Amino acid sequence: MRHFLTLLDISTEEARHILERAAFIKAKLKRGEAHQPLKGKTLGMIFDKASTRTRVSFEVGMYQLGGHALFLHASSTQLGRGEPVADSARVLSRMVDGVMIRTYGHDIVQNFAKHSAVPVINGLTDLTHPCQILTDVFTYEEHRGAIEGKTVAWIGDGNNMAHSWINGAVTFGYRLKLACPKGYMPDDKMLQAARHLGADISISEDPIAAVRKADLVTTDVWASMGQEAEQAKRAEAFAGYCVTEHLMAHAAPDALFMHCLPAHRGEEVSAEVIDGSQSVVWDEAENRLHAQKALLEFLLA
């Protein structure tokens, strides 16, 4: 039994296999051919954080794979009434074939996985968002070929997405350049652990230096869920970190732009960039479905 709580829970070879299967599964879907290796399987989906892409992609994905997904909001289950996470894991994992959790603390998914009898998938925590990186690498390679040896620039908050790009540098072998304002740097332990595993990662407070000659430029909102009260403070701190056409001009001529969405035009990215010719955010959003179907097949089939 395997869990997928961070990208480092799978090897490079396994990650590559998942992306190859994602391409195969997507191609079959586009041809109108059924692919249902999960007939009779069920996925319990626990949501403590709101979602659009995560819920739709996992629910539709399970249906297209021949299985069934159950939406369970934390507030309307026994978790919301104070049942210990370990007890919920013991009960739910006796009834379903897999569990996806989208929540706040990473310790919640770790504790759930520790006591679960079935695979557990991290649909997002405050620490990491590994499903998104599988999707983003899949999307980049659809457009530009192998990402190994390429340069990825992360602009903005040292948040769960930045942490996932850090882990991805280990798994996929791209060079990562992060630009984050002082006080909003990524977790240093994660950064040092990735470097120890051979990842080529640099970090500064200079967005232009990070973007220079980059093959992929990516960002996220300045205030994530649960940080709304910090919006004004963060807007001031991140004032120079908007991905604009001027900033993109420092990247490689054929650089792509990505955003995990939802996006705030005029804050972390200009409308001209996200709606421009270098943006692949809509392919990226669709590919959550295909990459996660391959992940579900890997863990549950």
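The values are calculated or read from the model by the stated rules, or taken from the named source; none is laboratory data. For clarity, every value in this text was computed on a predicted model and none was experimentally measured. Reconstructed Cβ throughout: ideal geometry from the backbone, glycine too, with neighbour counts over all protein chains shown.
In the stretch 157-205, the residue that is surrounded by the most Cβ atoms within 10 Å (Cβ to Cβ) out of those that are more than 21 Å from Q231 (Cβ to Cβ) and among the hydroxyl-bearing types (S, T, Y) is S164.
Filtering the stretch 175-219 to residues that are in contact (Cβ under 8 Å) with a residue 40 or more places away in the chain, out of contact with any His (no Cβ under 7 Å at 6 or more places or on another chain) and of a type in the set (D, E) leaves only D215. A single member of R55, R81, R94 is among the charged types (D, E, K, R), under 30 Å from E33 (Cβ atoms) and surrounded by fewer than 22 Cβ atoms within 10 Å (Cβ to Cβ), and it is R55.
The residue pairs whose first member lies in the stretch 272-291 and is modelled with pLDDT of 95 or more and crowded, with 16+ Cβ neighbours inside 10 Å, whose second member is in a helix (DSSP H, G or I) and among the aromatic types (F, W, Y), and whose beta carbons are closer than 9 Å, counting only pairs six or more residues apart or on different chains, are V280/Y140; E284/F138; E284/Y140; N287/F138; R288/F58; L289/F58; H290/F138; A291/F138. Within the stretch 237-244, can one find any residue that is within 20 Å of the chain's Cα centre (by Cα), under 28 Å from I18 (Cα atoms) and either surrounded by 16 or more Cβ atoms within 10 Å (Cβ to Cβ) or not aliphatic (A, V, I, L, M) (or both)? No, every residue in the stretch 237-244 fails to be within 20 Å of the chain's Cα centre (by Cα), under 28 Å from I18 (Cα atoms) and either surrounded by 16 or more Cβ atoms within 10 Å (Cβ to Cβ) or not aliphatic (A, V, I, L, M) (or both). Restricting attention to the stretch 62-121, the residues that are assigned to a loop (DSSP other than H, G, I, E, B) and either free of Cβ contacts under 8 Å to residues at least 12 places away in the same chain or under 28 Å from A22 (Cα atoms) (or both) total 16. For the stretch 105-120, does any single residue satisfy the condition of being in the same structural domain as E20 (by TED's automatic domain parsing), within 27 Å of S202 (Cα to Cα), surrounded by fewer than 24 Cβ atoms within 10 Å (Cβ to Cβ) and within 15 Å of the chain's Cα centre (by Cα)? For the stretch 105-120, residues in the same structural domain as E20 (by TED's automatic domain parsing), within 27 Å of S202 (Cα to Cα), surrounded by fewer than 24 Cβ atoms within 10 Å (Cβ to Cβ) and within 15 Å of the chain's Cα centre (by Cα): present.
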